[in-house]
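Sending over a structure as structure tokens; questions will come in a sec.
All of the numbers you see were taken from the coordinates with simple rules; none came from a lab. As the structure is a computational prediction, the values presented were derived from the model and not from experiment. Backbone-built Cβ (ideal geometry, glycine too); neighbour counts: all protein chains shown.
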Amino acid sequence: MTTTTPEEVRRVACIGAGVIGGGWVAHFLARGYDVTAWDPAPDAEVKLRRLVDAAWPALIELGLADGASRDRLTVAATLEEAVADAQFVQESAPEKLELKRDLLADLDAATPAGVVIASSTSGYPMTDMQTTAATPGRLVVGHPFNPPYLIPLVEVVGGERTDAEAVAWASRFYDVAGKSVITMRSEVPGFIANRLQEALWREALHMVANGEATVQEIDDSITEGPGLRWAFMGPMLTFALAGGEGGMAHMLDHFGPSLKSPWTRLEAPELDKKLYDAVVAGCDEEANGRTIADLVAERDQGVIDVLRATGRLNGGKK
Ligand SMILES: NC(=O)C1=CN([C@@H]2O[C@H](COP(=O)(O)OP(=O)(O)OC[C@H]3O[C@@H](n4cnc5c(N)ncnc54)[C@H](O)[C@@H]3O)[C@@H](O)[C@H]2O)C=CC1
Ligand SMILES: C[N+](C)(C)CC(=O)CC(=O)[O-]
């Protein structure tokens, strides 16, 4: 393993610079790191710098680290150049298993020995991605949430061939870099948060497909309802309060049987053209003329307001 401690890291490489890679770049720049990015798309640098510029006002509001600057971003011409002197590597390439396997093997070959390489994958187990790397012990999952420069959580987990030391190093590094870390004990498919989100998403798609709720109603049902509580108290404790003075024990006695009620019976819906079009059109209708850039700015401001209201403006951590 690397002899660089998480506290000593100054140079980070971000591989893949789309929505998430770009978000990681913005986060690491705001925390004062030197960042080198690489992305094979011809227009990647223009898009990346646009994303960082759009994120920067929110990051200023959150509070930049000493010395943080957009000038610390370098866009490399090759993968090898990007990782040549990296002290940590964050991979955020498209969610395709074969691509991730090949890319992680290439990164492993090009990155200085012992440096930890993390994948942003939304759900592939590292065991399935590290199969062709020569030194898989340093490969971990570091799953972020969009946008990584504002949402604190990172889920960290290794694969069967990952060294426990690499998982511990990555968890500590993200902590030092201002993230809120959950280090998982096993490779649960979808990790923790996406497993929960996907359950909700599956039910939402069923309701749209069956004409039971509109896209707008689904969003309102969360933002006007449980979402208000979830920003500061998770689904477990909020449901404990549903039991009144009896807390979770009374809640389980009272509502436990409804766990087996028909609302939880569903398999994933078929994402056919009709459902696809209905969800896309519903989002356009709900956006009501607001562009994606407008919505990103609105979301960023909303997250900052929530972080401030819940006393979490110190770099995003509780
Ligand atoms: N979009 C989201 O909300 C989240 C995505 N993720 C994960 O982050 C990763 C990236 O997803 P997005 O940023 O959404 O995708 P994206 O499509 O916005 O960006 C992917 C980028 O990778 C580049 N790319 C293509 N081939 C590449 C290669 N061989 N090596 C390096 N870069 C390559 C593309 O040019 C593109 O800029 C995926 O693993 C995804 O599951 C994780 C959390 C949230
Ligand atoms: C849509 N997604 C599965 C890629 C989302 C995530 O992985 C995390 C997030 O940002 O919600």
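Per 0.36 nm of contour for each residue apart, how much would the distance between W230 and A309 grow if the chain were fully extended, relative to their Cα-Cα spacing?
Contour length minus the Cα-Cα distance gives 27.1 nm.
At a Förster radius of 41 Å, what calculated FRET efficiency corresponds to the Cβ-Cβ distance of T223 and T135, to the nearest 0.05?
0.35
Let me ask something additional. Over all alpha-carbon pairs of the chain, lay out the pair-distance distribution in 10 Å bins, whole %, shortest bin first.
6, 23, 31, 25, 12, 2, 0
A further question follows. Amide H neighbours of E91 under 5 Å, at least 5 residues apart or on other chains, H built in the peptide plane: list them.
I15, A118, S119, S120
Then there's this: Please build a GNM for the chain, connecting alpha carbons under 10 Å apart, and tell me which residue among E160, E270, E80 fluctuates the most.
Taking springs between Cα atoms under 10 Å, the residue moving most is E270.
While we're looking at this one, here's another question. Cut-off 10 angstrom, C-alpha nodes, Gaussian network model of the chain. Which of S221, S258, S69 fluctuates the most?
Among S221, S258, S69, the largest mean-square fluctuation in the Gaussian network model of the chain belongs to S258.
Here is a follow-up. Let's test the formula: R0 of 30 Å, r as the Cβ-Cβ distance of Q216 and A193. What FRET efficiency results, to the nearest 0.05?
Calculated transfer efficiency: 0.80.
Kirkwood Rh and Cα-based Rg: tell me the resulting Rg over Rh for the range 135-284, rounded to two decimals.
Across the range 135-284, the Cα-based Rg/Rh ratio is 1.03.
What is the order of T162, T291, T214, fewest Cβ neighbours within 10 Å to most?
T291, T214, T162
Hey, any idea what the orientation-averaged projected area of the convex hull of the range 6-183's Cα atoms comes to, in nm²?
8.7
Sort K273, K100 so that the residue with the fewest other Cβ atoms within 10 Å of its own Cβ comes first and the one with the most comes last.
With the fewest neighbours first, K273, K100 line up as K273, K100.
Run lengths n ≥ 4 of DSSP H only: what is the helix-derived mean residue ellipticity at 222 nm for the chain, with -39500 (n - 2.57) per run over all residues, to the nearest 500?
When only DSSP H runs of four or more count, the value is -14000 deg cm²/dmol.
Report the normalised scattering of the range 252-296 as log10 I(q)/I(0) at q = 0.14, 0.24, 0.31 Å⁻¹, calculated by the Debye formula with identical scatterers on the alpha carbons.
-0.63, -0.85, -1.04
Angle between the Cα long axis of helix 164-176 and the longest principal axis of the chain, 0 to 90 degrees, nearest 10?
Approximately 80 degrees, to the nearest ten.
For a quick check: sort W201, W38, W24 by the number of other beta carbons within 10 angstrom, fewest at the front.
With the sparsest Cβ surroundings first, the list reads W201, W38, W24.
Net charge near R10, counting Lys/Arg +1 and Asp/Glu -1 over other residues with Cβ under 12 Å of its Cβ?
Here the count lands on -1.
Also, quick follow-up: Suppose every K and R has +1 on its Cβ and every D and E has -1 on its Cβ; what is the size of the dipole of the chain about the Cα centre, in Debye to the nearest 20?
Here the size comes out at about 700 debye.
Residue separation times 0.36 nm, minus the C-alpha to C-alpha distance between A54 and L241: what's the value?
63.4 nm
Compute the helix-to-body angle for 44-62: its Cα long axis versus the longest principal axis of the chain, expressed 0 to 90° and rounded to tens.
Between the helix axis and the principal axis of the chain, the angle is about 70 degrees.
With springs only between Cα atoms under 10 Å, which of I218, I182, I151 fluctuates most in a Gaussian network model of the chain?
In the Gaussian network model the winner is I218.
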